[in-house]
Amino acid sequence: MVRTGGAVNFSLNLIPGMKKAAIGDVDPAATNSPAAVVRLLSPVLDTDGLVINYFEVEPAESVGYAYHRHLDQEEVFYVQKGTVTFETEVGGVEVDAGEIVRFGPGEFQLGRNIGDERAHVLAIGAPRESEELEYLQDCPTCGEETVQVPEITESPKAILIHCTRCDSTTDEIPL
(Lines give C-alpha, C1' and ligand atoms only; values in the text may rest on other atoms or scores of the structure.)
Protein backbone atom coordinates (compact mmCIF):
# COMPACT_ATOMS: atom_id res chain seq x y z
CA MET A 1 0.00 0.00 0.00
CA VAL A 2 1.32 3.43 -0.94
CA ARG A 3 -0.17 6.67 0.38
CA THR A 4 0.08 9.76 -1.80
CA GLY A 5 -1.56 13.09 -0.98
CA GLY A 6 -4.07 11.56 1.41
CA ALA A 7 -5.13 8.91 -1.13
CA VAL A 8 -4.28 5.25 -0.85
CA ASN A 9 -3.04 3.62 -4.06
CA PHE A 10 -3.21 -0.15 -4.27
CA SER A 11 -1.47 -2.28 -6.81
CA LEU A 12 -4.17 -4.09 -8.79
CA ASN A 13 -1.98 -7.20 -8.69
CA LEU A 14 -2.14 -7.26 -4.88
CA ILE A 15 -5.94 -7.16 -4.69
CA PRO A 16 -7.40 -9.91 -6.92
CA GLY A 17 -11.05 -8.80 -6.59
CA MET A 18 -10.42 -5.13 -7.35
CA LYS A 19 -11.54 -3.78 -10.73
CA LYS A 20 -11.12 -0.25 -12.08
CA ALA A 21 -12.64 1.30 -15.20
CA ALA A 22 -13.05 4.69 -16.83
CA ILE A 23 -16.77 5.15 -17.52
CA GLY A 24 -16.05 6.88 -20.83
CA ASP A 25 -14.08 3.83 -22.02
CA VAL A 26 -17.08 1.50 -21.60
CA ASP A 27 -18.95 1.07 -24.89
CA PRO A 28 -22.56 2.32 -24.94
CA ALA A 29 -25.11 -0.50 -24.81
CA ALA A 30 -28.37 -1.13 -26.62
CA THR A 31 -31.13 -1.19 -23.98
CA ASN A 32 -34.78 -0.20 -23.70
CA SER A 33 -33.78 3.10 -22.07
CA PRO A 34 -34.42 6.23 -24.14
CA ALA A 35 -31.30 7.86 -22.60
CA ALA A 36 -28.81 9.22 -25.13
CA VAL A 37 -25.99 7.11 -23.63
CA VAL A 38 -26.24 3.97 -21.49
CA ARG A 39 -23.08 2.27 -20.24
CA LEU A 40 -23.44 -1.05 -18.39
CA LEU A 41 -20.68 -0.99 -15.77
CA SER A 42 -21.41 -4.25 -13.92
CA PRO A 43 -19.81 -6.55 -16.53
CA VAL A 44 -16.65 -4.40 -16.66
CA LEU A 45 -16.37 -4.32 -12.86
CA ASP A 46 -17.45 -7.97 -12.57
CA THR A 47 -19.96 -7.23 -9.80
CA ASP A 48 -21.84 -10.13 -8.24
CA GLY A 49 -24.40 -8.57 -5.92
CA LEU A 50 -25.30 -5.29 -7.61
CA VAL A 51 -25.92 -3.73 -10.99
CA ILE A 52 -24.31 -0.40 -11.92
CA ASN A 53 -25.37 1.61 -14.98
CA TYR A 54 -24.36 5.06 -16.22
CA PHE A 55 -26.81 7.24 -18.15
CA GLU A 56 -26.53 10.48 -20.08
CA VAL A 57 -30.04 11.86 -20.44
CA GLU A 58 -30.94 14.67 -22.85
CA PRO A 59 -33.55 17.29 -21.87
CA ALA A 60 -37.09 15.80 -22.03
CA GLU A 61 -35.71 12.22 -22.02
CA SER A 62 -36.01 9.68 -19.21
CA VAL A 63 -33.56 7.33 -17.56
CA GLY A 64 -35.83 4.29 -17.88
CA TYR A 65 -38.26 3.03 -20.50
CA ALA A 66 -41.40 3.77 -18.47
CA TYR A 67 -42.81 4.30 -14.98
CA HIS A 68 -41.79 1.05 -13.27
CA ARG A 69 -40.89 -0.86 -10.15
CA HIS A 70 -38.58 -3.71 -9.28
CA LEU A 71 -40.33 -5.98 -6.80
CA ASP A 72 -37.05 -7.68 -5.91
CA GLN A 73 -34.49 -4.85 -6.15
CA GLU A 74 -33.73 -1.53 -4.49
CA GLU A 75 -32.31 1.25 -6.67
CA VAL A 76 -30.08 4.21 -5.89
CA PHE A 77 -29.57 7.10 -8.32
CA TYR A 78 -26.71 9.58 -8.04
CA VAL A 79 -27.05 12.64 -10.27
CA GLN A 80 -23.56 13.73 -11.27
CA LYS A 81 -24.59 16.57 -13.59
CA GLY A 82 -27.89 18.35 -14.23
CA THR A 83 -31.21 17.76 -12.52
CA VAL A 84 -33.46 14.71 -12.74
CA THR A 85 -37.05 14.72 -11.53
CA PHE A 86 -38.32 11.32 -10.41
CA GLU A 87 -42.01 10.66 -10.91
CA THR A 88 -43.21 8.71 -7.87
CA GLU A 89 -46.48 7.56 -6.36
CA VAL A 90 -46.55 10.77 -4.25
CA GLY A 91 -45.47 13.23 -6.96
CA GLY A 92 -42.24 14.54 -8.44
CA VAL A 93 -38.96 14.42 -6.50
CA GLU A 94 -36.22 16.69 -7.90
CA VAL A 95 -32.64 15.42 -7.55
CA ASP A 96 -29.88 17.91 -8.37
CA ALA A 97 -26.22 17.34 -9.23
CA GLY A 98 -24.40 15.98 -6.19
CA GLU A 99 -27.60 14.50 -4.70
CA ILE A 100 -28.65 10.88 -4.37
CA VAL A 101 -32.04 9.16 -4.00
CA ARG A 102 -33.05 5.59 -3.07
CA PHE A 103 -36.15 3.61 -4.02
CA GLY A 104 -37.00 0.45 -2.13
CA PRO A 105 -38.28 -2.74 -3.74
CA GLY A 106 -41.84 -2.31 -5.04
CA GLU A 107 -41.74 1.51 -5.32
CA PHE A 108 -42.80 2.91 -8.70
CA GLN A 109 -40.52 5.58 -10.21
CA LEU A 110 -39.25 7.11 -13.45
CA GLY A 111 -36.47 9.68 -13.69
CA ARG A 112 -36.84 12.44 -16.29
CA ASN A 113 -34.50 15.23 -17.27
CA ILE A 114 -36.71 18.33 -17.23
CA GLY A 115 -33.71 20.67 -17.31
CA ASP A 116 -31.98 22.41 -20.22
CA GLU A 117 -28.71 20.44 -20.17
CA ARG A 118 -27.75 16.80 -20.51
CA ALA A 119 -27.94 15.02 -17.14
CA HIS A 120 -25.40 12.39 -16.04
CA VAL A 121 -26.77 9.72 -13.71
CA LEU A 122 -25.23 6.70 -11.99
CA ALA A 123 -27.78 3.99 -11.12
CA ILE A 124 -27.04 1.18 -8.65
CA GLY A 125 -29.41 -1.70 -7.95
CA ALA A 126 -29.23 -4.63 -5.56
CA PRO A 127 -29.46 -7.51 -5.94
CA ARG A 128 -27.91 -7.51 -9.41
CA GLU A 129 -30.35 -9.91 -11.03
CA SER A 130 -33.82 -8.37 -10.94
CA GLU A 131 -36.41 -10.80 -12.25
CA GLU A 132 -39.57 -9.03 -11.11
CA LEU A 133 -40.01 -5.82 -13.13
CA GLU A 134 -43.40 -4.20 -13.70
CA TYR A 135 -44.39 -1.15 -15.75
CA LEU A 136 -47.47 0.95 -15.09
CA GLN A 137 -48.63 2.45 -18.38
CA ASP A 138 -51.54 2.71 -20.80
CA CYS A 139 -52.71 -0.46 -22.54
CA PRO A 140 -54.33 0.30 -25.92
CA THR A 141 -56.44 -2.88 -25.77
CA CYS A 142 -57.75 -2.30 -22.22
CA GLY A 143 -58.08 1.45 -22.76
CA GLU A 144 -56.58 2.27 -19.37
CA GLU A 145 -53.40 2.19 -17.30
CA THR A 146 -52.39 -1.37 -16.42
CA VAL A 147 -49.46 -3.29 -14.97
CA GLN A 148 -47.27 -4.65 -17.76
CA VAL A 149 -44.26 -6.99 -17.78
CA PRO A 150 -41.28 -7.37 -20.13
CA GLU A 151 -40.21 -10.48 -22.01
CA ILE A 152 -36.87 -10.75 -23.82
CA THR A 153 -37.04 -12.63 -27.13
CA GLU A 154 -34.09 -13.97 -29.11
CA SER A 155 -35.60 -14.04 -32.61
CA PRO A 156 -36.01 -11.25 -33.25
CA LYS A 157 -33.78 -9.86 -30.49
CA ALA A 158 -36.26 -7.59 -28.70
CA ILE A 159 -38.05 -6.77 -25.48
CA LEU A 160 -41.80 -7.37 -25.67
CA ILE A 161 -44.04 -5.60 -23.17
CA HIS A 162 -47.21 -7.51 -22.20
CA CYS A 163 -50.33 -6.29 -20.37
CA THR A 164 -51.02 -8.50 -17.34
CA ARG A 165 -54.77 -7.86 -17.60
CA CYS A 166 -55.46 -8.78 -21.27
CA ASP A 167 -52.10 -10.40 -22.21
CA SER A 168 -51.76 -8.23 -25.32
CA THR A 169 -48.34 -7.04 -26.48
CA THR A 170 -48.27 -3.29 -25.91
CA ASP A 171 -44.77 -2.57 -27.21
CA GLU A 172 -41.81 -4.20 -28.97
CA ILE A 173 -38.38 -2.68 -28.41
CA PRO A 174 -35.66 -3.94 -30.78
CA LEU A 175 -32.28 -4.66 -29.18
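Could you please let me know if Thr146 is assigned to a strand (DSSP E or B) and not assigned by TED's automatic domain parsing to the domain that holds Thr31? Answer is yes for this residue. For Ala158, the conditions (1) in contact with a strand residue (DSSP E or B) (Cβ under 7 Å, 6 or more places away or on another chain); (2) under 23 Å from Val37 (Cα atoms); (3) in the same structural domain as Leu41 (by TED's automatic domain parsing) are fulfilled apart from (3). When you look at Phe103, is it free of Cβ contacts under 8 Å to residues at least 40 places away in the same chain, closer than 28 Å to Thr164 by Cα and outside the structural domain of Lys157 (by TED's automatic domain parsing), yes or no? It is true that Phe103 is free of Cβ contacts under 8 Å to residues at least 40 places away in the same chain, closer than 28 Å to Thr164 by Cα and outside the structural domain of Lys157 (by TED's automatic domain parsing). Evaluation of Lys157 against the conditions (1) under 25 Å from Tyr54 (Cβ atoms); (2) surrounded by 18 or more Cβ atoms within 10 Å (Cβ to Cβ); (3) of a type outside the set (Phe, Trp, Tyr) shows that the sole unmet condition is (2).
Output the number of residues of the stretch 79-107 satisfying the condition of being of a type outside the set (Ser, Thr, Tyr) and in a strand (DSSP E or B).
To start, the set of residues in the stretch 79-107 that are of a type outside the set (Ser, Thr, Tyr) comprises 79-82, 84, 86-87, 89-107.
Then drop every residue that is not in a strand (DSSP E or B), which leaves 79-81, 84, 86-87, 91-96, 100-103.
Total meeting the criteria: 16.
Among what's in the stretch 19-52 and is part of a loop (DSSP other than H, G, I, E, B) and under 17 Å from Leu110 (Cα atoms), pick the residue that is farthest from the chain's Cα centre (by Cα). It comes out as Ala36.
Being in a strand (DSSP E or B), in contact (Cβ under 8 Å) with a residue 40 or more places away in the chain, crowded, with 16+ Cβ neighbours inside 10 Å and within 14 Å of the chain's Cα centre (by Cα): is that true of Phe55 here?
When the stated conditions are applied, Phe55 passes them.
If the condition is being farther than 16 Å from His70 by Cβ, touching a Leu at 6+ places or on another chain (Cβ under 8 Å) and in contact (Cβ under 8 Å) with a residue 12 or more places away in the chain, then the stretch 145-162 contributes Thr146, Lys157, Ala158. Selection over the stretch 106-133 of residues that are in contact with a Lys or Arg (Cβ under 6 Å, 6 or more places away or on another chain) and either among the β-branched types (Val, Ile, Thr) or not assigned by TED's automatic domain parsing to the domain that holds Ile52 (or both) gives a count of 0. Out of Leu110, Leu160, Leu122, one residue alone is farther than 20 Å from Leu41 by Cα, modelled with pLDDT of 95 or more and part of a strand (DSSP E or B). It is Leu110.
The values are calculated or read from the model by the stated rules, or taken from the named source; none is laboratory data. As the structure is a computational prediction, the values presented were derived from the model and not from experiment. Note that each Cβ is placed from the backbone with ideal geometry, even for glycine, and that neighbours are counted across all protein chains shown.
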